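The structure appears right after this line, and notes come after that.
The values are calculated or read from the model by the stated rules, or taken from the named source; none is laboratory data. These numbers were taken from a predicted model, which means no experiment stands behind them. Here the Cβ positions follow ideal geometry from the backbone for every residue, glycine too, while neighbour counts run over all protein chains shown. Calculation scope for accessible area: heavy atoms of the full protein, side chains included, ligands and nucleic acids excluded. Shrake-Rupley method; radii C 1.70, N 1.55, O 1.52, S 1.80 Å.
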2 protein chains.
Amino acid sequence: MMKIETLRNVFEKNDQAADQNRAEFNRLDVTCVNLLGGAGAGKTATLEAIVPQLSKRIRVGVLEGDLATTRDAERIAALDVPVVQLLTDGGCHLNATLVQHGIASLALTDLDLLVIENVGNPICPANFDLGEHLRISVLSVTEGDDKPQKYPLLFKNVDAVLITKCDLAPYVNFDIERAKGEIRTLNPTAAIFETSAKTGVGVHETAAWIQSVVRRGRGAVTGA
Amino acid sequence: MMKIETLRNVFEKNDQAADQNRAEFNRLDVTCVNLLGGAGAGKTATLEAIVPQLSKRIRVGVLEGDLATTRDAERIAALDVPVVQLLTDGGCHLNATLVQHGIASLALTDLDLLVIENVGNPICPANFDLGEHLRISVLSVTEGDDKPQKYPLLFKNVDAVLITKCDLAPYVNFDIERAKGEIRTLNPTAAIFETSAKTGVGVHETAAWIQSVVRRGRGAVTGA
């Protein structure tokens, strides 16, 4: 009983902070994206590919979530956009309060789009609202085409799925149609993009989709 | 305060069940391995490669941990060894009580080695003792050579690390020496094996190491 009570409090506290974050984003007209995926799925590499395209047209900032190290923030800083590293000290997900601290260090008034790269974990982060308007999930072909049904939280209730590292598909027996079918079963409306940060495949399409979402405002996003 | 209290209770309850599991393994002279790693890191593929080698010489059983589906248990069952699928229903880690239910469905008296494949998650499972004698972690080259320091929980306090999918190393700029250096900084004594379930590289060595650990008993394992 006590466990359930406390977990409810944890989620309630998070949801309150998330609502505050969302209100602040709305007030300042910033679109916020929560980027989710397993460790090494290619979240940072995807940002390295799409942020330079986006930042030609809109003002982009990034919050980088990690257990330890500032490596990902350094990679994003090299793109010459504002970035803050959020460290969970071993924690398995970002929460809305930590994001609140992060945005206090960013000049939100100077941004059109804030991307929050979550901790590399295909499970826990999906349970925590950060105040985002949109969720994008990343699945790399090297993880396997059987993963959507095995990790359903990562694909339900997201607005887009990026299938990354498609340049490696010939080496790993990844059946793209099987993966897409599994994603569609869990989430019929998500936009799905096949991408490779290495070759650039799908990068333009992904950046254009994100830009269109920022343009058309929030709350009415459906699959592309 | 309430949160801390309750989390302590959760861990205490888990540790009690883990101790019971370990006592049962010791009583029946079964060596238990907890296999950890991210989603799609190659845990099941590694078992598909090494279990046939091990099962020629010792009696092997497997508990398969997943959020959803019985896919992994089906792959292991095809190897003709006893297997039980443990489903967490969305939970991010196995706990010792779920393992207790699993071993009740296995004839432990007929086993020398029990491998528990944990849920694909590089963070949370490391916090939960299942009653195992040994931990083996899996890192795939496609996840990147920077991951040990970024996910330290997965590499501290483990007895061996398998670097998997080494056949893909030429395509992903994985610096094996950098990865090994980071692992050694976190854990100077872990045995490290470079493996590929696809080409068979390192499979014999990994199986031989596991067999040697089963032979020489438990509790005195150091790096190979």
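Under 19 Å Cα-Cα from residue B:56, which lysines qualify once same-chain neighbours fewer than 8 residues away are excluded?
Cross-link targets: none qualify.
Would you list which aspartates and glutamates come within 13 Å of residue B:198, measuring only between C-alpha atoms, while excluding same-chain residues fewer than 8 positions from it?
B:48, B:167
What is the mean number of Cβ atoms from other protein chains located within 10 Å of the Cβ atom of each residue in peptide B:113-125, rounded to a whole number? The partial results should precede the final answer.
Values: counts 0, 0, 0, 0, 0, 0, 4, 10, 9, 9, 12, 6, 1.
The per-residue average across the peptide is 4.
Would you mind telling me the share, in percent, of accessible area of the range A:72-185 contributed by carbon and sulfur at probe 1.4 angstrom?
Values: 1840 of 3880 Å².
It is 47 percent, rounded to a whole number.
Please work out the Kirkwood hydrodynamic radius for the range B:159-217, using every pair of different C-alpha atoms, and report it in angstroms with one decimal place.
When all Cα pairs of the range B:159-217 are included, the Kirkwood radius is 12.4 Å.
To the nearest 20 debye, what is the magnitude of the charge dipole of chain A about its Cα centre, counting +1 on the Cβ of each Lys and Arg and -1 on the Cβ of each Asp and Glu?
340
Excluding residues fewer than 8 places away in the same chain, name every one of the aspartates and glutamates whose C-alpha is closer than 12 Å to that of residue B:13.
B:129
Just to be sure I understand: with springs between alpha-carbon atoms less than 10 Å apart, which residue in A:70, A:164, A:46 has the highest mean-square fluctuation in the Gaussian network model of chain A?
Taking springs between Cα atoms under 10 Å, the residue moving most is A:70.
Mind listing the label-point distances from residue B:177 to the same position on all other copies, shortest first, one decimal in nm, points 7 Å along Cα→Cβ?
4.6
Label-to-label distances across copies for residue B:13, with labels 7 Å out along Cα→Cβ, in nm, shortest first?
Spacings between copies for this position, smallest first, are 2.0 nm.
How about chain A: what cysteines have no other cysteine beta carbon under 4.7 Å from their own?
Cysteines lacking a close Cβ partner in chain A: A:32, A:166.
Which value, in debye to the nearest 20, describes the size of the charge dipole of the protein assembly as shown about its Cα centre when Lys and Arg Cβ atoms bear +1, Asp and Glu Cβ atoms bear -1, and nothing else is charged? Show your work: numbers first, answer last.
Values: 46 positive and 56 negative charges, 12 e Å.
With Lys and Arg at +1 and Asp and Glu at -1, about 60 debye.
May I ask you to list the residues of the range B:120-143 whose amide nitrogen lies under 17 Å from a point 7 Å from Cα along the Cα→beta-carbon direction of residue B:19?
Of the residues in the range B:120-143, B:128-133 have backbone N under 17 Å from the label point off residue B:19.
What's the long-distance tail for chain A, i.e. % of Cα pairs beyond 33 Å?
Of all Cα-Cα pairs in chain A, 11 percent lie more than 33 Å apart.
Quote the FRET efficiency, to the nearest 0.05, computed for residue B:28 versus residue B:8 with a Förster distance R0 of 35 Å and r equal to the Cβ-Cβ distance.
0.70
Any idea of residue A:186's accessible area? Nearest 10 Å², probe 1.4 Å.
Taking all protein chains as shown, residue A:186 has close to 40 Å².
Compute the signed sum of charges (Lys and Arg +1, Asp and Glu -1) over the other residues within less than 11 Å, Cβ to Cβ, of residue B:141.
With Lys, Arg at +1 and Asp, Glu at -1, the neighbours total -3.
Give, as a single signed number, the net charge of other residues whose beta carbon lies under 15 Å from the beta carbon of residue B:20, with Lys and Arg counted +1 and Asp and Glu -1.
Working: positive: B:13, B:22, B:27; negative: B:12, B:15, B:19, B:24, B:129, B:132.
It works out to a net charge of -3.
Given springs between every Cα pair under 10 Å in a Gaussian network model of chain A, which of A:187, A:121, A:173 has the largest fluctuation?
A:173
Can you tell me the mean projection area, over all orientations, of the convex hull of the protein assembly as shown's alpha carbons? Units nm², please.
Its Cα hull, projected and averaged over all orientations, spans 20.4 nm².
Just order B:149-158, B:51-60 by mean Cβ neighbour count inside 10 Å, highest at the front, would you?
Details: B:149-158: 21.0, B:51-60: 17.5.
Peptide ranking by packing, descending: B:149-158, B:51-60.
Find the Rg to Rh ratio for the range A:1-131, where Rh is the Kirkwood radius over alpha-carbon pairs and Rg uses the same atoms.
Taking Rg over the Kirkwood Rh, I get 0.98.
In percent, how large is the relative contact order of chain B, given Cα pairs closer than 8 Å and 6 or more residues apart? Before the final figure, lay out the partial values.
Working: 437 pairs, mean separation 54.9, N = 224.
Relative contact order for chain B comes out at 25 percent.
For every other residue with a beta carbon closer than 13 angstrom to the beta carbon of residue B:107, add +1 if it is Lys or Arg and -1 if Asp or Glu, then tell me the sum.
That works out to -2.
I need the inter-copy label distances for residue B:101: point set 7 Å along Cα to C-beta, values in nm with one decimal, smallest first.
Sorted ascending, the copy-to-copy spacings read 3.6 nm.
Taking 1 over the mean of 1/r across every pair of different Cα atoms in the range B:1-78, what Kirkwood radius in Å do you get?
15.3
Ordered by residue, what ³J(HN,Hα) values in Hz, to whole numbers, does the range B:151-165 give under the Karplus form 6.51 cos²θ - 1.76 cosθ + 1.60, where θ = phi - 60° and Gly and Pro are x?
10, x, 4, 6, 10, 6, 6, 10, 8, 8, 10, 9, 8, 9, 6
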